[in-house]
Amino acid sequence: DMFLYDQWAALPTPEEIKESRKNYKKQSEYSHVKDMDAPVIVRKEKSVPLGPPTSGQELVAAQNNNMPSDKQINNALAINQNTKTLTLASRRAPLPKPQWHPPWKLMRVISGHLGWVRCVDVDHTNDWFVTGSADRTIKIWDLATGTLKLSLTGHISTVRGVAVSDRHPYLFSCGEDKQVKCWDLEQNKVIRHYHGHLSAVYALSVHPTLDILCSVGRDASCRVWDMRTKACVHTLTGHTNTVADVKTQATEPQIITASHDCTVRLWDIVAGKTRATLTNHKKSIRSLVMHPTQYSFGSASADNIKQWKCPDGEFIQNLSGHNAILNALALNQDGVLVSGADNGTIHFWDWKTGYNFQRFQSQVQPGSLDSENGLFAMRFDHSGSRLITCEADKTIKIYKEDETAIEEPINWKPDLLRKRY
């Protein structure tokens, strides 16, 4: 108090303090409404005269004085109408009902690899698919029969990613040997190497319209390669830990990466900079999936599966319940989302509502350890009717819909306390 200019003034009385507090509260909390005109409220009030009127004219005059004017009635009706409009607008839109999907069942088990099967991709003709394994080989299989068509050798460590080009006769592969290779499928040999990664390369993606290739890995970067010249167009840095997955699309954002630093980054391919960083996940993100028809994508982590809206990564909803380390996501045109985990559990979801309509445990190959019950990658074929999974028991399993299933009513109630972050 020694710095106050009026330190010798008398202390304010309790009434003055109370009045001062009231004025402060009025100004801070009600300043935006205290100067507004009060609405006209029409009430029907009974008038009780002190004595009976002496004549009929006085009785009519007394009744007229108690009746509201036309202007007051119009104002009251306008207020009522606005209130009704606000009430209707504030009502929540009805929640969508989940679509019925037939349950899925195991159709075929394919053996042939001598190590964990780590990655898979399907050719655009839907005739064959390719897998990469910890046995350092890449194998091409017939999709209809499951027979082996071709084995490619050349990597000196685990093959972690494969991608088939839709517009060229090329197959791209990457592995823990820091190599990214381009295979010519007409000659069945390597025609290009892409040098630059400082550590293991974990995933790659071919751009659907441009002649570029994106690869990510343990050096916490995403490298964009010119497919023909082998030049590194961009080195996208910003992640602080291993980048586990990458997806490309023809529209913005053209590159999306997911990392063990618990973030998803959307990239501006022209500037070579981050367009948006999504920090909602609390655990490492190991897989991404693009919606085949909608402008959205999903990300999988041990805490939740989250859906995002492009181009700015607006959060849509959480899919909770698969409490495991999720290694893989797959999504088809019918809105069936599949998540595969490190412990061999597979969950099937309705993309629109997040309804978990099926879950089961994958069975290991006879002679395998129970600890080898894990999924590393999964992919739908282009028809959306076959699901290909890559597993730790060195097998490839193909699932299909149960044709004998009969549609049943879905008894589903959404979680009222769904997290919005």
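The values are calculated or read from the model by the stated rules, or taken from the named source; none is laboratory data. Please read all numbers here as calculations on a predicted model, not as lab measurements. A quick note on method: Cβ atoms are made from the backbone with ideal geometry, for glycine too, and the neighbour counts reach across all protein chains shown. SASA here: full protein model, heavy atoms, side chains in, ligands and nucleic acids out. Shrake-Rupley method; radii C 1.70, N 1.55, O 1.52, S 1.80 Å.
Just a few scattered comments:
- Candidates Ser368, Ser339, Ser385, Ser362, filtered to the one that is touching an Asp or Glu at 6+ places or on another chain (Cβ under 7 Å), in contact (Cβ under 8 Å) with a residue 12 or more places away in the chain and surrounded by 21 or more Cβ atoms within 10 Å (Cβ to Cβ): Ser362
- Residue count for the stretch 188-228, restricted to those that are assigned to a strand (DSSP E or B) and surrounded by fewer than 17 Cβ atoms within 10 Å (Cβ to Cβ): 5
- Answer from Thr131, Thr158 - the residue that is open to solvent by 10 Å² or more (accessible area, probe 1.4 Å), at pLDDT 95 or above, among the β-branched types (Val, Ile, Thr) and farther than 20 Å from Asp211 by Cα: Thr158
- For the residues Lys189, Lys178, the requirement of being within 29 Å of His382 (Cα to Cα), without any contact (Cβ under 8 Å) to a residue 60 or more places away in the chain and more than 27 Å from the chain's Cα centre (by Cα) singles out Lys189.
- Which numbered condition Leu171 misses (of (1) surrounded by fewer than 21 Cβ atoms within 10 Å (Cβ to Cβ); (2) in a strand (DSSP E or B)): (1)
- Filter result (loosely packed, with under 14 Cβ neighbours inside 10 Å and β-branched (Val, Ile, Thr)) within the stretch 271-297: Thr277, Thr279, Thr293
- Taken over the stretch 134-155, residues that are within 14 Å of Ser173 (Cβ to Cβ), assigned to a strand (DSSP E or B) and open to solvent by 20 Å² or more (accessible area, probe 1.4 Å) amount to 5.
- Checking Ala300 against (1) outside any strand (DSSP E or B); (2) open to solvent by less than 10 Å² (accessible area, probe 1.4 Å), the condition it does not meet: (1)
- In the stretch 91-128, of all residues being touching a Ser or Thr at 6+ places or on another chain (Cβ under 9 Å) and open to solvent by 70 Å² or more (accessible area, probe 1.4 Å), the one that is modelled with the lowest pLDDT corresponds to Leu95.
- Residue within the stretch 315-330 that is of a type in the set (Phe, Trp, Tyr), surrounded by fewer than 22 Cβ atoms within 10 Å (Cβ to Cβ) and either in contact with a strand residue (DSSP E or B) (Cβ under 9 Å, 6 or more places away or on another chain) or at positive phi (or both) present: yes
- Qualifying residue in the stretch 229-251 (condition: within 23 Å of Pro208 (Cβ to Cβ), open to solvent by less than 20 Å² (accessible area, probe 1.4 Å), in a loop (DSSP other than H, G, I, E, B) and in contact with a strand residue (DSSP E or B) (Cβ under 8 Å, 6 or more places away or on another chain)): no
- Scanning the stretch 174-187 for residues that are open to solvent by less than 40 Å² (accessible area, probe 1.4 Å) and in a loop (DSSP other than H, G, I, E, B) yields one hit, Asp177.
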